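Q: Below are the structure tokens for one structure; questions will follow.
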């Protein structure tokens, strides 16, 4: 079983749509959680950290459910520029290495 | 300010040859990480330097891989001899501190193709 599981997609949505991605992690010792965005043939870039109380950054909302060990990302009012692969990432305090999911691909069409 | 830079951006070599990848972290970043993504798989951790010391090398696949960071500045990752399964994208990242929420900055990666 992978440490971080994501639906690979692709999610194909029209501009303006709301789309949600979920991610599950297997290690209950995980302490830090992130969503990264990766464009085709580019490096991953931090989109947002995920906090226990949930957090919002513009059109993006991240939620964490520790009891169920899942993380979500909600994108409202999708833009064409949101098309990318979204990577769910966790880290345990005992180690500073990041553990990546395989990513969920989002395609936003006109 | 310059970001994390990696060289070369692409490398095509034959099985059995040696390749050396270089990473220049952001100036002042003590922490340097190597990650790798092989085709169809997730990005995986290789190792972590704090200044010139290897903090964690648990992700290094085998002894054909050697990473160095002499002087605590740039780092090199040597693969010798390269095998077909070493093909993938090698990312370097750096961060200023080791806090749990510390942001990592990634380089654009080196695409390695072993033929």
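We did not get these values from a lab; they are worked out from the coordinates using the rules stated. Predicted model, so just to flag it, every value in this text is computed and none were measured. Reconstructed Cβ throughout: ideal geometry from the backbone, glycine too, with neighbour counts over all protein chains shown.
Q: For chain A, modelled as a Gaussian network with Cα springs under 10 Å, which listed residue fluctuates most, A:78, A:49, A:26?
A: A:26
Q: Contact order normalised by length for segment B:20-115, with contacts defined as Cα pairs under 8 Å and 6 or more residues apart; what percent is it?
A: Values: 205 pairs, mean separation 30.5, N = 96.
The value is 32 percent.
Q: Label 7 Å along Cα→Cβ of residue B:83; segment B:6-44 residues with amide nitrogen under 16 Å?
A: B:14-19, B:38-39
Q: While we're on this one: Within 10 Å of each Cβ in peptide B:104-110, how many partner chain Cβ atoms are there on average? Round it to a whole number, please.
A: 4
Q: Consider all pairwise Cα distances in chain B and report the whole-number % of them above 18 Å.
A: For chain B, the share of Cα pairs beyond 18 Å comes to 45 percent.
Q: So which residue, out of A:15, A:43, A:56, gets the largest mean-square fluctuation from a GNM of chain A using Cα contacts under 10 Å as springs?
A: A:43
Q: Peptide B:23-33: average number of partner chain Cβ atoms within 10 Å per residue?
A: That works out to 0 on average.
Q: Can you sort B:77, A:107 by how many other beta carbons sit within 10 Å, fewest first? Show your work: numbers first, answer last.
A: On the way: B:77 24, A:107 14.
Fewest-to-most Cβ neighbours within 10 Å comes out as A:107, B:77.
Q: While we're on this one: Percent of Cα-Cα pairs per 5 Å bin, from 0 to the last occupied bin, for the protein assembly as shown, please list those.
A: Over the protein assembly as shown, the share of Cα pairs per 5 Å bin runs 1, 7, 14, 18, 18, 16, 12, 8, 4, 1, 0 percent.
Q: Could you please rank A:91, B:64, placing first whichever residue has the fewest other Cβ atoms within 10 Å of its Cβ? Provide the component values of the computation, followed by the final result.
A: Details: A:91 20, B:64 14.
Fewest-to-most Cβ neighbours within 10 Å comes out as B:64, A:91.
Q: Given the options B:21, B:32, B:84, which has the most mean-square fluctuation in a GNM of chain B, springs set between C-alpha atoms less than 10 angstrom apart?
A: Comparing B:21, B:32, B:84 in the GNM, the peak value goes to B:84.
Q: Same structure, new question: Reported to two decimal places, what Rg/Rh ratio describes segment A:1-55 when computed on Cα atoms with Rh from the Kirkwood expression?
A: 0.98
Q: What is the order of B:95, A:28, fewest Cβ neighbours within 10 Å to most?
A: Ordered from fewest to most neighbouring Cβ atoms within 10 Å, B:95, A:28 come out as A:28, B:95.
Q: May I pose another question? Averaged across the residues of A:98-110, what count of C-beta atoms belonging to other chains lies within 10 Å of each residue's C-beta?
A: Taking all residues of A:98-110 together, the mean is 2.
Q: For segment A:1-104, what are Rg and Dmax over the alpha carbons, in angstrom?
A: Reported Rg and Dmax, both Å: 13.1, 42.
Q: Looking only at chain A, where both bridge partners belong to it, what percent of the DSSP beta bridges are antiparallel (to the nearest 5)?
A: The answer is about 90 percent antiparallel.
Q: When the convex hull of the C-alpha atoms of segment B:1-61 is computed, what volume per residue in Å³ does it have?
A: Details: hull volume 7.2 nm³, N = 61.
Hull volume over Cα atoms, normalised by residue count, gives 119 Å³.
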